[in-house]
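Okay, so here's the structure we're looking at.
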Ligand code: NAD
């Protein structure tokens, strides 16, 4: 059987623990036997991050920017316990944060998977709710302050052109408390709007931006205005032609209507709201093994896909003791197929996109035929049969072989 030629490289960011074991199987047994692909490999496993003083993370992110397509395995974020466990020389930053920073922020779309036979914790959700998270600014770049006692908090903006500064009194503190100053950029909000509208158009979903513009009239009002400007100038005609819509909603109305609805929309969130709602949506769809994050940096061309879950340390500990595990690889398979489909789209190679679609369909058909890992089986019923990590991966392997024959 001849392999499908992938015209340009895909950047692979390897990770840690149980996720790394599942990852290797997917790459070696489900992808490489079928694709002739130049994988630019970067080992972001914690030991190699330590050995390279985290340089490998920056190098990997730059490679994703250069080649336009990346796929990332979950990685350990060091805390005190991990520093001790691995004898690390530093408490390195979460790799995802470094990668996003190198790629200039952008937006992260969390995509849950709907399996017909696996009940959702929110039963009405029969289609994905895609949370688009603005990956720049706000609380994540804020300056915060513990106020020691009574005093006045002011905010000053000093224009570069030498014109008069703008000074605002924020609060007259009667006693100790806390304060925060945060910001965002029109340019970044505009990129976020474009990424959200492109995503909606590509997947056939309406787009909603949710803010609290009734309270933050200037801050959130700016998000609302920029989204509307970008939509009117660049996307309205395409949305009309596709029968899709865009609208702004108050964040509490949006939260309520998403819970009442059937899914099938892109919910564009400011950075912190996106953090919260991504978690809520992943939880609502049942298992962490069913959600994938797609990072779309501001260049509008690059894409980095990764499972939304972590390294599944609890299962890895069992694995280290020689005990069986049941780790769901679905989100990792989706990350690979999203990245490969994007490679095919950028290169104009429909056979690569077709392979990605076929691999994904095999994965969904396998679960929908009743063969699955324990996290999904438990959502169906306490006594639904389930497979171990290796058994499920073997079933997938056989199914992919049959499909491509
Ligand atoms: P986790 O997502 O790895 O696991 C939490 C629990 O969710 C597991 O114990 C398991 O019950 C369940 N679970 C998660 N993924 C599953 C899967 N594929 N199949 C079946 N069950 C699954 O989160 P954690 O335990 O809080 O973190 C473990 C490590 O992962 C930490 O070191 C953390 O820093 C890291 N982490 C990395 C990322 C990332 O790289 N994007 C994200 C989150 C956590």
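Bear in mind these aren't lab numbers, they're just calculated from the coordinates by the rules spelled out. No experiment lies behind these values; they were computed from the predicted model shown. Cβ: placed from backbone, ideal geometry, glycine included. Neighbour counts: every protein chain shown.
In this entry, residue 360 is excluded by the filter for residues that are buried (at least 24 other Cβ atoms within 10 Å of the Cβ) and touching a residue at least 12 places away in the same chain (Cβ under 8 Å). Looking only at residues of the stretch 78-119 that are surrounded by fewer than 18 Cβ atoms within 10 Å (Cβ to Cβ), in contact (Cβ under 8 Å) with a residue 60 or more places away in the chain and out of contact with any helix residue (DSSP H, G or I) (no Cβ under 6 Å at 6 or more places or on another chain), we find that the one that is nearest to residue 366 (Cα to Cα) is 114.
From the list 71, 22, which one is touching a strand residue (DSSP E or B) at 6+ places or on another chain (Cβ under 6 Å) and within 16 Å of the ligand (Cβ to nearest atom)?
On the way: 22 fails: touching a strand residue (DSSP E or B) at 6+ places or on another chain (Cβ under 6 Å).
Checking each option against the conditions leaves just 71.
Among the residues here, residue 307 does not qualify as closer than 24 Å to residue 230 by Cβ, crowded, with 23+ Cβ neighbours inside 10 Å and under 13 Å from the mean Cα position of the chain (by Cα). Screening residue 3 against (1) touching a strand residue (DSSP E or B) at 6+ places or on another chain (Cβ under 8 Å); (2) within 16 Å of the ligand (Cβ to nearest atom) leaves a single unmet condition, (2). Of all residues in the stretch 363-378, those being free of Cβ contacts under 8 Å to residues at least 60 places away in the same chain and in contact with a helix residue (DSSP H, G or I) (Cβ under 6 Å, 6 or more places away or on another chain) number 3. With a requirement of 3 or more residues that are touching a residue at least 60 places away in the same chain (Cβ under 8 Å) and within 19 Å of residue 308 (Cβ to Cβ), the helices (runs of 4 or more DSSP H) lying completely within the stretch 176-292 that satisfy it span 186-203, 271-284. Within the stretch 26-40, the residues that satisfy the criterion of being surrounded by 15 or more Cβ atoms within 10 Å (Cβ to Cβ) and closer than 14 Å to residue 71 by Cβ are 26, 27, 30, 31, 35, 37, 39, 40. Scan the stretch 293-329 for residues that are more than 10 Å from the ligand (Cβ to nearest atom) and either in a loop (DSSP other than H, G, I, E, B) or within 17 Å of residue 99 (Cβ to Cβ) (or both) and the total you get is 16.
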